[in-house]
Amino acid sequence: MDGMPTRPTAARSAPWPPIEPPERVRRLPSWVLNHVAMRANRVVASRLEHSGRRSDYAVLASLEESGPASQADLARRLAIDRGDLVGILDRLTEEGLAHRDPDTMDKRRNVITVTAAGRGKLTQLDAEIEAAQEDLLAPLDPSERELLMELLGRLLFNPAAE
């Protein structure tokens with residue numbers, strides 16, 4: 001194998017993905033990573049179609065793991081635009097999944113907390129997200145999945161690449 005991604009023979013006749021890029025394009029790691037990311041987004045969106053949104057999952061998971069946070073801290077932590085986060089939080093608070101309270105130290109800020117209903121929703125979304133990961137990574141065995149995550153983590157968290 002020369003390092004160039006190829007579609008399995010059985011997948012060549014499948015309707016998705018309908019792409020046949022030139023060889024020099026298929027050799028570009030950036031192109032491959034981008035298209036794998038697009039596929040991952042479609043798989044997750046499909047799994048969450050009736051149960052929630054990726055952004056809801058990220059916000060609820062962050063609040064569950066790290067505890068209450070200001071809107072600004074939450075936006076930084078998740079790399080979500082502050083304006084977009086306001087809309088997400090509006091929806092989560094309307095649905096009773098999160099709660100906004102004025103910060104006791106600075107009344108200009110809000111502190112966001114996940115509710116019991118939000119924790120229940122997060123458990124449901126965890127199952128859907130896990131199923132999406134299984135769908136996406138089905139062609140890989142467990143050791144290949146572990147290696148993939150290690151390599152992607154090295155690329156993602158490489159400070160020299162900034």
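Name every residue in the stretch 90-118 that is assigned to a loop (DSSP other than H, G, I, E, B) and of a type outside the set (D, E, K, R), in order of residue number. Let's see the steps before the verdict.
Quick first cut of the stretch 90-118, residues assigned to a loop (DSSP other than H, G, I, E, B) only: 95-97, 103-109, 115.
Scanning the stretch 90-118 gives 96, 97, 104, 105, 115.
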Residue match in the stretch 91-101 (condition: crowded, with 18+ Cβ neighbours inside 10 Å and within 15 Å of the chain's Cα centre (by Cα)): no
Which numbered condition residue 112 fails, given (1) surrounded by 13 or more Cβ atoms within 10 Å (Cβ to Cβ); (2) out of contact with any Pro (no Cβ under 9 Å at 6 or more places or on another chain): (2)
The stretch 11-33 residues that are at negative phi and modelled with pLDDT under 90, paired with ones that are among the aliphatic types (A, V, I, L, M) and part of a helix (DSSP H, G or I) (beta carbon under 9 Å, 6 or more apart): 17/11; 17/38; 26/32
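The values are calculated or read from the model by the stated rules, or taken from the named source; none is laboratory data. Treat the numbers as computed from the prediction; the structure is a model and nothing was measured. Neighbour counts run over all protein chains shown; Cβ positions are idealised from the backbone, glycine included.
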